[in-house]
Amino acid sequence: EAQVTQNPRYLITVTGKKLTVTCSQNMNHEYMSWYRQDPGLGLRQIYYSMNVEVTDKGDVPEGYKVSRKEKRNFPLILESPSPNQTSLYFCASSLSAGGGKTQYFGPGTRLLVL
Amino acid sequence: AQSVAQPEDQVNVAEGNPLTVKCTYSVSGNPYLFWYVQYPNRGLQFLLKYITGDNLVKGSYGFEAEFNKSQTSFHLKKPSALVSDSALYFCAVRGYTGKLIFGQGTTLQVKP
């Protein structure tokens, strides 16, 4: 089944404790992206990747890192989480960045930083 | 700057009645427009998109959307609402870097 998977689905952590949220897609998509969803703000892009080893900042990149060593994986790293990073996170992928290619979303990771 | 607006935080309709969820956009050039739905504790599911061509786009679960270039709108519609359609709906436009620019979302409540 074609899908985007994320792990973990739920995470409670404390301020400053490094964490990684994994994202993987099995559709051979070139474009991958991370979004965060906050009430009343919709979803905002954190980072994106056009292809392997090519990553760039989205609208809200502060406090996050990413890497794209393999085409299928795009982990999101919070080196020193803070309470304002409490949010619902979505990974997404699409065939490419261009045109009207549809982005497909993972199930989400709900993060609480105490 | 590119942006999307969903003017209603919540839309309430009775089951069996038609529904409309509104979306307006601001982009330069031709827009690529999308609608997604989010059920509680679930990810975003793609409903439909407009790329070019016919202004009436048909999508999943009986939903359709009408692209109106002069009014810069892309309203989501369904002729007969179901209780199971109750969810959070997002309109989005695809930006230059491939990112999706989302509206703030509209909660659809369908009452039996």
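The values are calculated or read from the model by the stated rules, or taken from the named source; none is laboratory data. It should be emphasised that the depicted structure is a prediction, and the values quoted were computed from it without experimental measurement. Every residue, glycine among them, receives a Cβ derived from its backbone with ideal geometry; neighbour counts consider all protein chains shown. We work out accessible area using only protein heavy atoms, side chains counted, and drop any ligands, DNA or RNA first. Shrake-Rupley method; radii C 1.70, N 1.55, O 1.52, S 1.80 Å.
Size descriptors for chain B (Cα atoms only): Rg and Dmax, in that order, 13.3, 42 Å. Interface of A with B. Using a 1.4 Å probe and counting protein heavy atoms only, the two chains hide about 1700 Å² of accessible surface, both sides summed.
Calculate, for chain B, the solvent-accessible area per residue in square angstrom, rolling a 1.4 angstrom probe over the heavy atoms of the protein chains.
On a per-residue basis, 47 Å².
Annotation note: trypsin sites (Lys or Arg not before Pro) in the range A:5-114 located in DSSP loop regions with a Cβ neighbour count of at most 14 within 10 Å are A:ARG9, A:LYS17, A:LYS18, A:LYS69.
Partner shielding of B:89-101 amounts to 6, given as the average count of beta-carbon atoms from other chains within 10 Å of each residue beta-carbon.
For chain A, carbon and sulfur atoms together expose 52% of the accessible surface, with a 1.4 angstrom probe and every protein chain in place.
Interface residues of the range A:97-114, defined as a loss of at least 10 Å² in heavy-atom accessible area between the chain alone and the complex of all protein chains with a 1.4 Å probe, are A:ALA97, A:GLY99, A:GLY100, A:LYS101, A:THR102, A:GLN103, A:TYR104, A:PHE105, A:PRO107, A:ARG110.
Ligands, DNA and RNA aside, A:CYS23 has an accessible area near 0 Å² when probed at 1.4 Å. For the residue pairs B:LYS58/B:LYS111; B:LYS69/B:LYS111; B:LYS58/B:LYS99; B:LYS22/B:LYS58, alpha carbon separations beyond 27 Å are given by B:LYS69/B:LYS111.
FRET efficiency for the pair A:ASN73 and B:THR20, taken as 1/(1 + (r/R0)^6) with r the Cβ-Cβ distance and R0 = 45 Å, rounds to 0.65.
Rounded to the nearest 20 debye, what is the charge dipole size of chain A about its Cα centre when +1 sits on each Lys and Arg Cβ and -1 on each Asp and Glu Cβ? List each step's numbers first, then the result.
Working: 13 positive and 9 negative charges, 42 e Å.
Computed about the Cα centre, the dipole is about 200 debye.
Which loop chymotrypsin sites (Phe, Trp or Tyr not before Pro) in the range B:39-112, with loop taken from DSSP, have no more than 16 other Cβ atoms within 10 angstrom of their Cβ?
For chymotrypsin sites (Phe, Trp or Tyr not before Pro) across the range B:39-112 that sit outside H, G, I, E and B with at most 16 neighbouring Cβ atoms in 10 Å, the list reads B:TYR96.
Of all aspartates and glutamates in the structure, those lying under 14 Å Cα to Cα from A:LYS71, and not within fewer than 8 positions of it along the same chain, are A:GLU30, A:GLU53. The trypsin sites (Lys or Arg not before Pro) of the range B:8-104 meeting both criteria, a DSSP state outside H, G, I, E and B (loop) and at most 13 other C-beta atoms within 10 angstrom of the site's C-beta, are B:ARG42, B:LYS69. Working note: Karplus 6.51/-1.76/1.60 with θ = phi - 60° gives the range B:54-63 the couplings 4, 6, 9, 10, 9, x, 6, 6, x, 7 Hz, where Gly and Pro are set to x.
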